[in-house]
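What follows is calculated from the coordinates using simple rules that are stated; it is not laboratory data. From a predicted model like this one, the values you see are computed outputs, not experimental measurements. Reconstructed Cβ throughout: ideal geometry from the backbone, glycine too, with neighbour counts over all protein chains shown.
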Amino acid sequence: MEDIDPVKYGAMYQKVQDLDRKMDKMERQVELLLEIANKSKGGMFFGMAVVSFIGGIAGFLAHWMTMK
């Protein structure tokens, strides 16, 4: 069985530590993106409600004006 080379082991250990930090950073970014997506989803539904309400009023007024 071969002996473990301390230099190669140290380099591998550093790479694992770097990858661990990158994964932590990616997790934070994904959580931030999810939070932004959830906020925008609520804004989209509110905007759709406002536009539907305005469209309903416009349709009612157009119908009411053509009936006279």
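Remarks
- Computed helical MRE - 222 nm, the chain, DSSP H runs ≥ 4 contributing -39500 (n - 2.57), nearest 500: -34500 deg cm²/dmol
- Positive dipole terminus of the chain, leading residue within 56, 38, 4 (C-beta point charges): 56
- For the chain, the longest principal axis of the Cα atoms and the long axis of helix 6-67 meet at an angle of about 0 degrees.
- Relative to the Cα centre, the charge distribution of the chain, modelled as +1 at Lys and Arg Cβ and -1 at Asp and Glu Cβ, gives a dipole magnitude of about 740 debye.
- Entry for Rg/Rh (Cα atoms, Kirkwood Rh) (calculated from the structure that is shown) out of (1) 1.67; (2) 0.98; (3) 0.93: (1)
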